[in-house]
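The values are calculated or read from the model by the stated rules, or taken from the named source; none is laboratory data. In this text, all values refer to a predicted model and were calculated from it rather than measured experimentally. Cβ: placed from backbone, ideal geometry, glycine included. Neighbour counts: every protein chain shown.
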Amino acid sequence: MLWTQDALPATTQYTDSLALIPNAVICQDALVAYKRTMDSYAAGWKGVFEFVSQPIGPRKLAKTLSLAYSRWIADEEPHATPPPPPAVAHQRSLDTRRLVSIRAIRFLHHRTWTTLAAQGQS
């Protein structure tokens, strides 16, 4: 089922019946999509809900619907509350490690070129 963020029921009253089908929700922007995702986990919504941000073209829509359908097919117990998404802090730590690695590579690259240039001038 395809929803806009405004048309999606605000309460968990309907989520038991919505858990029987895959749901894709088109949100205003990425921040709203993220907030709605976190709110749905906090409220204990059951079933498959994919929140996607605008702008949305045919490929992004197809990918979102495909992901929702795949998760729905793989869901053995549709009325169970899904596991929470990965923590944002964990993602930030991964991004920090990646940034440190990039800086280390740049430093080593710069140092190697500096050393080679110094040897070439001697």
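Quick notes on this structure:
- Any hit, region 45-68, residues being acidic (D, E), assigned to a strand (DSSP E or B) and modelled with pLDDT of 75 or more: yes
- For region 30-51, the set of residues classified as of a type outside the set (K, R) and under 10 Å from Q5 (Cβ atoms) consists of V32, A33, F51, listed by residue number.
- Of all residues in region 17-26, at least one satisfies being of a type in the set (A, V, I, L, M, F, W, C), assigned to a loop (DSSP other than H, G, I, E, B), buried (at least 19 other Cβ atoms within 10 Å of the Cβ) and at pLDDT below 80.
- Residues of region 27-44 that turn out to be within 22 Å of I73 (Cα to Cα) and either of a type in the set (V, I, T) or in a strand (DSSP E or B) (or both), as a count: 1
- Test: residue in region 96-111 that is surrounded by 10 or more Cβ atoms within 10 Å (Cβ to Cβ), modelled with pLDDT under 85 and outside any helix (DSSP H, G or I): no
- Residues located in region 34-59, provided they are in contact with a strand residue (DSSP E or B) (Cβ under 7 Å, 6 or more places away or on another chain) and either of a type outside the set (S, T, Y) or touching a residue at least 12 places away in the same chain (Cβ under 8 Å) (or both): R36, T37, G47, V48, F49, E50, F51, V52, S53, Q54, I56
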